[in-house]
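Engineer: First the structure, then my questions, so here it is.
The values are calculated or read from the model by the stated rules, or taken from the named source; none is laboratory data. Keep in mind that this is a model prediction, so the values were computed, not measured. Cβ atoms come from the backbone with ideal geometry, glycine included; neighbour counts cover every protein chain shown. Areas reflect the complete protein model, heavy atoms only, side chains present, ligands, DNA and RNA absent. Shrake-Rupley method; radii C 1.70, N 1.55, O 1.52, S 1.80 Å.
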Amino acid sequence: MSNPHRQQKWELALEDSTPLEDSTLLTGSGEKRDDVGQLKAENEELKHKLSEAKERQAWLEDLVNKNPHTGLPIRRLFDKEVARLLTAERGSNSPGTVAVGVLRLDKAYDRIKDTRDRGKALLFNTADRIKGLVGEYLFQSDRLDEFLLVLPSMPNPDAVDLMAQRIVDAISRPHEPPAKDVSFGCYLGLSLNTREDHTKEELLGNAYIALAECESGGGRYVVYDDSIGNRFREKAEIEQSLSAVSQKGFDEFELLYQPFVDVEGYVVGAEALIRWTHPRLGRISPGRFIPIAEETGAIRLLGQWTLYNAARQLRDWNKSSGLDLHMSVNLSPTQFEQHDLVMRIEGILEALGLEGRHLKLELTEGAVMENPEDAVRKMEMLHERGVRISIDDFGTGYSSLSYLKRLPVNTLKIDRSFIEDVTGNTNNQEIVRAVISMAKSLRIESLAEGVETPEQHEFLVAEGCDSIQGYFFSPPVSASDFRPFLRDGKIIPQTYVAR
């Protein structure tokens, strides 16, 4: 690579030199030289070489410092610019603050990038749209579908919101012909320099946290705040704890059991419900840790632990009571997708000496419809082994008689959202009646969850619902607190107490 300082000296020397045509250069004897034309040619050649060297240097700098597809400066230059702006801001008395953003194109671009954008023209145009709004403060991330941006001197959070809205609107516009049928969106996470001691690493890290919040359903753009950061750190702690507790045999987890009763109050089975008491965070709701376990893959081991321990508890109850109850266990979509699911369940039943009919697996409609053909195949294999299948939250998803007729289902579980206001909402009443009627026409069981009042219970019994689950009979209880139900065989409804 050419030495820029040497080039500069050469250029200055050339600029200060006397034009050759006016020279009176002498030979050593004091006579005029007769090769002035040759010196002029050498001078011009030197200038040409210097120009080429400058062009090559600029090309090399672009090669090192800019992304070849978008022409944008790379991440290293972004870091330098943020550091410079933060330093300038701290030394200035003028109002305004620096905002840092991470913008990632959404799945719509991911679907077309290898077909409609192999030449990266749409990517270049998208970068150009953003650059039209933020100017020189746009940079390329290490990912090709991700950009880094800086918004200097933002007067207030409202200005950041306005700029963010303009950016996501610009990106979502359809592209020009011949790609006028193509459009995609983005996710944008932003972080504001609201503290004197914020570092560029903190700002960028907070922007990525806001981006994760955005991608998980927070909207088209999210501006970081402390509540978002706290949720992110709690999630990270839950992820780490799930990994650690799995190595210790899930000793922080326990199973609670909520009974199923028939219309006369006799116990016919129970649902196993998992609970986690974290040593620092305390009781973590399943709605919080189950999605994280799904995302990280920890649900596979956790689900296996739940299945085995719930089935073992049922075996002990049936032996000690002489009853013939069944145990219901929820299967997550990830568990249901396991290629060896049937083999795993067979192994548990065989190890515990249970028949398939003693186990009921609860599946959501979404899990079944994710891959209907595979779902039918697995459900038929389980059905052949006597395992019962219950469709959970029925009525909230893809419910239809046409697909239900194909599935070997034993139970339709009416979602609690329809039961909650069933005595005062005529729409809910009609939905519940329709589900019970559908179950009867298919000769399968109808089960209502979330029953909490005498009025709800009376309505369901009058409509012919087969089984009931809810606080009206019992909340989820420990295995020891469930034993009186085994002894009596029947549960006297409790006075409803709000949870």
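This table checks each residue for (1) under 18 Å from the mean Cα position of the chain (by Cα); (2) of a type in the set (Phe, Trp, Tyr).
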{"site": "161", "(1), (2)": "no, no"}
{"site": "181", "(1), (2)": "no, no"}
{"site": "202", "(1), (2)": "no, no"}
{"site": "208", "(1), (2)": "yes, yes"}
{"site": "222", "(1), (2)": "yes, no"}
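This table checks each residue for (1) farther than 25 Å from residue 355 by Cβ; (2) touching a residue at least 12 places away in the same chain (Cβ under 8 Å); (3) of a type in the set (Lys, Arg); (4) open to solvent by 50 Å² or more (accessible area, probe 1.4 Å).
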residue	(1), (2), (3), (4)
387	no, yes, no, no
422	yes, yes, no, no
448	yes, yes, no, no
454	yes, yes, no, yes
462	yes, no, no, yes
466	no, yes, no, yes
472	yes, yes, no, no
477	yes, yes, no, no
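Engineer: Counting only residues that are among the acidic types (Asp, Glu) and assigned to a loop (DSSP other than H, G, I, E, B), which one in segment 92-148 is most open to solvent (accessible area, probe 1.4 Å)?
Structural biologist: The residue in question is 142.
Engineer: Being acidic (Asp, Glu), in contact with a strand residue (DSSP E or B) (Cβ under 7 Å, 6 or more places away or on another chain), open to solvent by 50 Å² or more (accessible area, probe 1.4 Å) and not in a loop (DSSP other than H, G, I, E, B), is that true of even one residue in segment 187-205?
Structural biologist: Scanning segment 187-205 turns up no residue that is acidic (Asp, Glu), in contact with a strand residue (DSSP E or B) (Cβ under 7 Å, 6 or more places away or on another chain), open to solvent by 50 Å² or more (accessible area, probe 1.4 Å) and not in a loop (DSSP other than H, G, I, E, B).
Engineer: While we're here: How many residues are part of a strand (DSSP E or B) and open to solvent by 10 Å² or more (accessible area, probe 1.4 Å) when one looks only at segment 327-337?
Structural biologist: 1
Engineer: Then there's this: From the set of residues in segment 59-87 that are of a type in the set (A, V, I, L, M) and at pLDDT 85 or above, which is surrounded by the fewest Cβ atoms within 10 Å (Cβ to Cβ)?
Structural biologist: This residue is 83.
Engineer: When segment 240-249 is examined, which residues are found to be part of a helix (DSSP H, G or I) and out of contact with any strand residue (DSSP E or B) (no Cβ under 7 Å at 6 or more places or on another chain)?
Structural biologist: Hits for segment 240-249 are 240, 242, 243, 244, 245, 246, 247.
Engineer: Also, I was wondering about something else. Please tell me if residue 258 is open to solvent by 70 Å² or more (accessible area, probe 1.4 Å) and not basic (Lys, Arg).
Structural biologist: no
Listed here are the residues, each with its yes/no results for (1) open to solvent by 30 Å² or more (accessible area, probe 1.4 Å); (2) in contact with a Leu (Cβ under 8 Å, 6 or more places away or on another chain); (3) farther than 27 Å from residue 460 by Cα; (4) free of Cβ contacts under 8 Å to residues at least 24 places away in the same chain.
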| site | (1), (2), (3), (4) |
| --- | --- |
| 264 | yes, no, no, no |
| 276 | no, no, yes, no |
| 302 | no, yes, yes, no |
| 309 | yes, yes, yes, no |
| 319 | yes, no, yes, yes |
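Engineer: Before we move on, is residue 295 under 22 Å from residue 481 (Cβ atoms), charged (D, E, K, R) and either surrounded by fewer than 19 Cβ atoms within 10 Å (Cβ to Cβ) or modelled with pLDDT of 95 or more (or both)?
Structural biologist: no
Engineer: So is residue 285 open to solvent by less than 20 Å² (accessible area, probe 1.4 Å) and either polar (S, T, N, Q) or in contact with a Cys (Cβ under 7 Å, 6 or more places away or on another chain) (or both) or not?
Structural biologist: Answer is no for this residue.
Engineer: When you scan segment 437-444, do you find a residue that is more than 20 Å from residue 271 (Cα to Cα) and either in a loop (DSSP other than H, G, I, E, B) or at pLDDT 95 or above (or both), even just one?
Structural biologist: yes
Engineer: Out of 413, 490, which single residue is more than 34 Å from the chain's Cα centre (by Cα) and of a type in the set (Lys, Arg)?
Structural biologist: 490
One line per residue, one yes/no per condition, for (1) open to solvent by 10 Å² or more (accessible area, probe 1.4 Å); (2) farther than 23 Å from residue 307 by Cα; (3) of a type outside the set (Lys, Arg):
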residue: 345; (1), (2), (3): no, no, yes
residue: 379; (1), (2), (3): no, no, yes
residue: 406; (1), (2), (3): yes, yes, no
residue: 433; (1), (2), (3): yes, yes, no
residue: 458; (1), (2), (3): yes, yes, yes
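Engineer: A further question follows. Could you check segment 421-436 and list, in sequence order, the residues that are within 34 Å of the chain's Cα centre (by Cα) and under 19 Å from residue 365 (Cβ atoms)?
Structural biologist: The answer is 428, 431, 432, 435.
Engineer: What are the pairs, 6+ residues apart or on separate chains, where a residue within segment 369-382 that is under 20 Å from residue 357 (Cβ atoms) has its Cβ under 8 Å from a residue that is open to solvent by less than 50 Å² (accessible area, probe 1.4 Å) and β-branched (Val, Ile, Thr)?
Structural biologist: From segment 369-382, the pairs are 378/342; 379/368; 379/389; 379/409; 381/342; 382/342; 382/345; 382/389.
Engineer: Return only the number of the condition from (1) open to solvent by 10 Å² or more (accessible area, probe 1.4 Å); (2) in contact with a Lys or Arg (Cβ under 9 Å, 6 or more places away or on another chain); (3) at pLDDT below 90 that residue 394 does not satisfy.
Structural biologist: (1)
Engineer: Which of the residues spanning segment 206-223 are assigned to a helix (DSSP H, G or I) and of a type outside the set (Phe, Trp, Tyr)?
Structural biologist: Across segment 206-223, the qualifying residues are 206, 207, 209, 210, 211, 212, 213, 214, 215, 216, 217, 218.
Engineer: Give me the pairs: first residue in segment 184-196 and in contact (Cβ under 8 Å) with a residue 12 or more places away in the chain and of a type in the set (Gly, Ala, Ser), second residue crowded, with 22+ Cβ neighbours inside 10 Å and in a strand (DSSP E or B), beta-carbon distance under 6 Å, and six or more apart or on different chains, which are they?
Structural biologist: 189/102; 189/222; 191/100
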